[in-house]
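Working notes, structure below.
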C-alpha cells in the first residue's frame, strides 16, 4: 500500500526582495525627476502595480499565490513608508548625487551684508497659488547646529522669517523649508 505523499513547495522570498528593490528604485527615480512626482506615484504607479499583482493572484496556481501576495505586501509597505518620507528621500538623494554642484553655486554667491546666511533656492513644490520653497543654506560658523538641537522649526539666526523645517545635510550645509507661500526675501 502506498501512502499519499504531499509535496511541499518552500516559500520563495526572492521575488519579494526583487519587488522591494524595484519599488524603491521606481520611487527614487520618479522623486529625483520632480518634487511633484509623489502624486504621479500614488495616482498611476500604485494602482497599476496593485491591479497587476491582484490579477496574477487570481490567475496563478494556488501554490504560488502566497509568493505573489507577499510581493504585493512588500510593494504596499515600502510604498507607504516612502510616501511618508518622500521629501527626506528626495533631499538626501539630491544631496548625495549633486552636492558638489550645489556647494559651488552657493559659495560663488557674494556674502550678504545684512547678516543673512549664504543660500540658493534649492527645491520647491506645489501648484500655482500654493508654492513651498526650500533653500540650501551655508552656515560657515555652524551656529544653526546649536539652534537645531533646541527646535526644528520657527526663527533661526541668519534666516529671515519663520521656517517650517530646518535639517542638516552635512557639516555646515542645511536645507530650510519655508511655510507655503513664504520666500526668503
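Things worth noting here:
- Principal-axis tilt of helix 62-84 within the chain, Cα atoms, nearest 10 degrees: 10 degrees
- With both labels modelled 7 Å from their Cα along Cα-to-Cβ, the residue 25 to residue 103 distance reads 3.0 nm.
- Length released on extending from residue 55 to residue 165, taking residue separation times 0.36 nm less the Cα-Cα span: 35.4 nm
- In this simple spin-label model, placing a label point 7 Å from the Cα along the Cα-to-Cβ direction at both residue 121 and residue 143 gives a separation of 2.6 nm.
- Distance between the C-alpha centres of segment 41-68 and segment 107-165: 44 Å, rounded to the whole angstrom.
- Alpha-carbon Rg/Rh ratio, for the chain, with Rh computed the Kirkwood way: 1.19
- By the count of neighbouring beta-carbon atoms within 10 Å, fewest first, 33, 122 end up ordered 33, 122.
- Difference of contour (0.36 nm per residue) and Cα-Cα distance, residue 40 to residue 17: 5.9 nm
- For the chain, the longest principal axis of the alpha carbon atoms and the long axis of helix 86-107 meet at an angle near 40°.
- The order of 71, 83, going from fewest to most other C-beta atoms within 10 Å of their C-beta, is 83, 71.
- Percentage, to the nearest whole number, of Cα pairs in segment 14-84 over 19 Å apart: 33 percent
- A Förster radius of 41 Å combined with the Cβ-Cβ distance from residue 80 to residue 185 puts the calculated FRET efficiency at roughly 0.65.
- Here's the picture: a label point sits 7 Å out from the Cα of residue 155 along the beta-carbon direction, and within segment 107-126 the residues with their amide nitrogen under 20 Å of it are 113-118.
- The chain: angle of helix 46-59 to the longest principal axis, Cα-based, in degrees nearest 10: 10 degrees
Taken together, the values in this text are just the output of simple stated rules run on the coordinates, not laboratory data. Everything quoted here is computed from the prediction, not taken from an experiment. Don't worry about glycine lacking a Cβ; one is built from the backbone with ideal geometry, like all the others, and counts go over all protein chains shown.
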